Amino acid sequence: MQTILLNPVSDETAIDRAAALLRAGEVVGMPTETVYGLGANAFDTAAVAKIFAAKGRPQDNPLIVHIADPDALEQVSASIPESAKRLAEAFWPGPLTMVLPRADSIPDAVTAGLPTVGVRLPSHPIARALIRQAGVPVAAPSANRSGRPSTTTAAHVLEDMGGRIPAVLEGGPCQVGVESTIVSLAGERPRLLRPGGISLEQLRAVLGEVVLDRAVREQIGDDVQVSAPGMKYRHYAPNAPVTVVCGEPERTAVYIQKHLTNETGVLCFTEFAYLFEMHEMRTMGTALDPLTQARRIFDALRSFDETRVQEIYAQCPADDGIGLAVANRLKKAAGFQVVNVV
Ligand code: TXA
Ligand code: MG
């Protein structure tokens, strides 16, 4: 299969063509403000199966359903608690996924048989136009091959999905750069399952108490039941093993400097780049600029696969605000191989 790139800037039929593919039961790479997604009609079991095949994704890992307008929430969720209405009001459209009781119309293939469904209303105008044109909710995981770093440009999607899907819709580089925050509203108390573009602090400002799921900071063993099944897999990983170094940036830079070999790649804050100029080095913005760190993290991780590095050291961002999400993705990319420098 040849994968075509549909670009709405140069082709005014691009969104229509992508929507027609979705209606025909095909899978399309689509931009969102967080990361690119691999979309299919959420009501169509056969179309959803194609997503799992293209990604090589385990069947027990459910997909997020994307809608274009708040009213569509009723089509996908059986009941909408007050807390969901408040979160939607505050953060939609945007990088927030809510886990809610599922509607019967959502097939098991989407929810992996769970009684709940993850729902998100993205803010990217091309994503919303596409979903509206398709006329159905769109199930979409991140558009990387399973286990790889997520895709934040159309070129990344072509890298991972070229030949596996009919089309990718161009939407420019993703402005958030890490995936949506996932909060479950299906239990007794709101629970953060995955940190992302909306911070824990922002959620707490609206909801009061929000429980932080264990899987956000720790490695979860295979035998443990996790709330977001995706959190248990090795994920976001470049080919070379990653070590995340946490602590004061000045100290973590020195630590990495001491452990370097000729075959080490370094992912560092911009102000420390001069220390690593002789090495395969990528910067992720300054230590005080978490929004830039989030935008660059996946592209930086991916880019090491074009080099010969045998190991990668990464400075760990502070874990407040969106930094919690960036630190989480790095630690997962490292399989929780973390050094704490004191
Ligand atoms: O920003 C995003 O959320 C992106 C863009 C494309 O929207 N999508 C994304 O999807 O990150 P994916 O499939 O890579 O990650 C979805 C995560 C997985 O960890 C999955 O286990 C969890 O959401 N999830 C989905 N439905 C769930 C549910 N009903 N209950 C708990 N976790 C769920
Ligand atoms: Mg993903």
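Rounded to the nearest Å, what's the spacing between the alpha carbon centres of the range 44-84 and the range 275-312? Just the number, please. Taking the Cα centre of the range 275-312 as reference, the centre of the range 44-84 is 32 Å away. Normalised by the number of residues in the range 82-214, the mean separation of alpha-carbon contacts (under 8 Å, six or more apart) gives a relative contact order of 26 percent. If the chain linking SER303 and ILE4 were pulled fully straight, counting 0.36 nm for each residue of separation and taking away their Cα-Cα distance, it would gain 105.3 nm. Dipole orientation for the chain: of the candidates CYS316, ALA112, ALA84, ALA112 has the Cα lying most toward the positive pole (charges on Cβ; Lys, Arg +1; Asp, Glu -1).
Which pairs, out of LYS85/LYS332; LYS85/LYS331; LYS258/LYS331, put more than 27 Å between their alpha-carbon atoms? Provide the component values of the computation, followed by the final result.
Working: LYS85/LYS332 31 Å; LYS85/LYS331 32 Å; LYS258/LYS331 21 Å.
Pairs exceeding the cut-off: LYS85/LYS332; LYS85/LYS331.
Taking the chain as a whole, the Cys residues whose C-beta sits 4.7 Å or farther from every other Cys C-beta are CYS174, CYS268. The simple Förster model, with R0 at 25 Å and r as the Cβ-Cβ distance, assigns ARG132 and ALA53 a FRET efficiency of 0.40.
Using only alpha carbon pairs under 8 Å that are at least six residues apart, calculate the relative contact order of the chain and give it in whole percent. Numbers along the way, then the final one.
Working: 796 pairs, mean separation 66.0, N = 342.
Across the chain, relative contact order equals 19 percent.
Applying 1/(1 + (r/R0)^6) with R0 = 51 Å to the Cβ-Cβ distance of ALA103 and VAL339 gives a FRET efficiency near 0.65. Ordering ALA334, ALA300, VAL245 by the projection of their Cα atoms onto the charge dipole of the chain, which places +1 on the Cβ of Lys and Arg and -1 on the Cβ of Asp and Glu, puts ALA334 at the extreme positive end. Each pair of Cα atoms in the chain enters the Kirkwood radius, and Stokes-Einstein at 10 °C and 1.306 mPa s then converts it into a translational diffusion coefficient of 79 µm²/s. For the pair GLN310 and LEU288, a Förster radius of 30 Å applied to the C-beta separation gives a FRET efficiency near 0.45, rounded to the nearest 0.05.
If you add up the charges near VAL168, with Lys and Arg at +1 and Asp and Glu at -1, over every other residue whose beta carbon is less than 11 angstrom from its beta carbon, what do you get?
Values: positive: ARG164; negative: GLU159, ASP160, GLU170.
So the environment of VAL168 carries a net charge of -2.
With the contact rule set at Cα under 8 Å and sequence spacing of 6 or more, what percent relative contact order holds for the range 104-165?
Details: 23 pairs, mean separation 11.1, N = 62.
For the range 104-165, the relative contact order is 18 percent.
If you run the Gaussian network model on the chain, springs between alpha carbon atoms under 10 Å, then out of SER184, SER77, SER150 the most flexible one is SER77. Amide H contacts under 5 Å for GLU33: SER123, HIS124, restricted to partners 5 or more places along the chain or on a different chain, H placed in the peptide plane at 1.01 Å from N.
How big is the C-alpha Rg of the range 276-342 next to the rule-of-thumb value 2.2 N^0.38 Å, as a ratio? Provide the component values of the computation, followed by the final result.
On the way: Rg = 11.9 Å, N = 67, 2.2 N^0.38 = 10.9 Å.
Expressed relative to 2.2 N^0.38 Å, the Cα Rg reads 1.09.
For the range 11-84, the direction-averaged projected area of the alpha-carbon convex hull comes to 6.5 nm². When shorter helices are ignored and each DSSP H run of at least 4 residues is given -39500 (n - 2.57), the per-residue value for the chain at 222 nm works out to -8500 deg cm²/dmol.
Each value in this text was obtained by applying a stated rule to the coordinates, not by laboratory testing. Only a predicted model underlies this, so the values are computations on that prediction, with no experimental measurement involved. Quick reminder, even Gly has a Cβ in these numbers, built from the backbone with ideal geometry, and neighbours come from all protein chains shown.
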